[in-house]
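The values are calculated or read from the model by the stated rules, or taken from the named source; none is laboratory data. Because the structure is predicted, anything quoted here is derived from the model rather than measured. For neighbour counting, all protein chains shown are included, and Cβ atoms are generated from backbone atoms with ideal geometry for every residue, glycine included.
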Amino acid sequence: MTQPIEAGPGQPGAWFSLSPPPREIQPLAGDVSPRRYFRVVLADGTTAILANYPEEIRATCVRFLRTTTILLEAGVRVPRVLAGDCGEGWMLVEDLGPRTLGEWGRGRPWSELAGWFEHARGLSERISRLPAEGLAELNPILGQELLARELAQTWDLFLEPQGLVSDPALAADLRAALDTLCETLGAEPPVPCHRDFMVRNLMPLADGGLVVLDHQDLRLGPPFYDLASLLNDTLFPPPDAEEALLAAAAPLPADRVRYHRAAAQRSLKAVGTYAKFASMGADRHLPLIAPTLARFVKHFSRIPEGELLAARLEASWSPALETPGHYGSATLASP
């Protein structure tokens, strides 16, 4: 018979139970989602991570179990599920340590990061080769409609509040170009993708392996989307390193255009995500806005719909592209 843990300061509540009961439950910093995380010291002294899924997101718990099975069967390392009850809204998974690749790699020279990125690139290719059957039912396809909706959030929560689209002519041209970008990107034959395959969702192991986190949004999407996420979020490879990775993953000129299109959409989408988080009180990603916006302009300049417009954006947006950490949550729109 299981024994419930009584609710206390920072504890999850009586719905969570293990037998024998844990020694300690420590709250962990989370994101802006309703999920909450705790490090649990088990009776034998080992630790695990407890995820709490409130009622409104219980379906996410079920999807995580399903995508865990899918990825493990394909040889992709993910956190082991130790126990759980999605009906009650909790799951216990293995504790892989305190730092993701994004946290571990901050400030390190590229020579220490190159091997991890090459490993991650290989994982992204393995995910893209997953059987596609059932993924469309698991999560909506990352197609034209969803891609455009993501950019609309960036427009509303960042570009407009920062005055970056106050010029009517520039705004009209940018809207048209972004519509074309999403239409073209969404027309590509979709492949399985993690959906948020970036260094903050990769956990390095002492043996050189990488564990893929937060994979419950696995779905069909543009072929180079996961690669674009990896190379344009948090830890930015220097140009020669990015070129080396692309030479292996996107060797053909047409592939490069497709990669740059996915990277332009993903980078601009990420700016909107950071702005949304900040408006909800989680402002730790604000320093990433300027470099991520700059990467959007760079990639935008390398696709047909953006090559002429990118120079105008760079000139008009120069203060926003050069001021990491400039943005405060008070200057960002509420979602």
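Could you give every pair whose Cβ atoms fall below 6 Å, whose first residue belongs to segment 236-249 and is in contact (Cβ under 8 Å) with a residue 40 or more places away in the chain, and whose second residue is surrounded by fewer than 16 Cβ atoms within 10 Å (Cβ to Cβ), counting only separations of at least 6 or pairs across chains?
Filtered contacts from segment 236-249: Pro238/Trp110; Ala241/Trp110.
Go through (1) touching a helix residue (DSSP H, G or I) at 6+ places or on another chain (Cβ under 8 Å); (2) of a type in the set (Val, Ile, Thr); (3) closer than 20 Å to Pro223 by Cβ for Thr180 and report which single condition fails.
(1)
When the residues of segment 63-111 are narrowed to those that are within 30 Å of Pro239 (Cα to Cα) and aromatic (Phe, Trp, Tyr), which ends up surrounded by the most Cβ atoms within 10 Å (Cβ to Cβ)?
Trp104
So, in segment 199-210, of the ones that are out of contact with any Lys or Arg (no Cβ under 9 Å at 6 or more places or on another chain) and part of a loop (DSSP other than H, G, I, E, B), which residue ends up surrounded by the most Cβ atoms within 10 Å (Cβ to Cβ)?
Gly208
Considering only segment 261-280, how many residues are surrounded by 23 or more Cβ atoms within 10 Å (Cβ to Cβ), over 14 Å from the mean Cα position of the chain (by Cα) and farther than 16 Å from Pro190 by Cα?
Going through segment 261-280 one residue at a time, the tally reaches 3.
Test Ala114 against the stated conditions and say whether it is closer than 12 Å to Leu235 by Cα and either in the same structural domain as Phe197 (by TED's automatic domain parsing) or surrounded by 15 or more Cβ atoms within 10 Å (Cβ to Cβ) (or both). Quick ask: steps written out before the conclusion?
Working: closer than 12 Å to Leu235 by Cα: yes; either in the same structural domain as Phe197 (by TED's automatic domain parsing) or surrounded by 15 or more Cβ atoms within 10 Å (Cβ to Cβ) (or both): yes.
Yes; evaluated as a whole, the condition is true for this residue.
Looking at the structure I just gave you, is Pro22 over 30 Å from Leu138 (Cα atoms), at pLDDT below 85, outside any strand (DSSP E or B) and more than 24 Å from the chain's Cα centre (by Cα)? Don't jump to the end; show me each part of the working.
On the way: over 30 Å from Leu138 (Cα atoms): yes; at pLDDT below 85: yes; outside any strand (DSSP E or B): yes; more than 24 Å from the chain's Cα centre (by Cα): yes.
Spelling it out, Pro22 is indeed over 30 Å from Leu138 (Cα atoms), at pLDDT below 85, outside any strand (DSSP E or B) and more than 24 Å from the chain's Cα centre (by Cα).
If you go through segment 283-304, how many residues are crowded, with 19+ Cβ neighbours inside 10 Å, over 16 Å from the mean Cα position of the chain (by Cα) and in a loop (DSSP other than H, G, I, E, B)?
1
If I go through segment 211-258 residue by residue, how many of them are in a loop (DSSP other than H, G, I, E, B) and over 12 Å from the mean Cα position of the chain (by Cα)?
Total meeting the criteria: 10.
Kindly establish whether Leu96 is among the hydrophobic types (A, V, I, L, M, F, W, C), touching a strand residue (DSSP E or B) at 6+ places or on another chain (Cβ under 7 Å) and closer than 21 Å to Arg39 by Cα.
It is true that Leu96 is among the hydrophobic types (A, V, I, L, M, F, W, C), touching a strand residue (DSSP E or B) at 6+ places or on another chain (Cβ under 7 Å) and closer than 21 Å to Arg39 by Cα.
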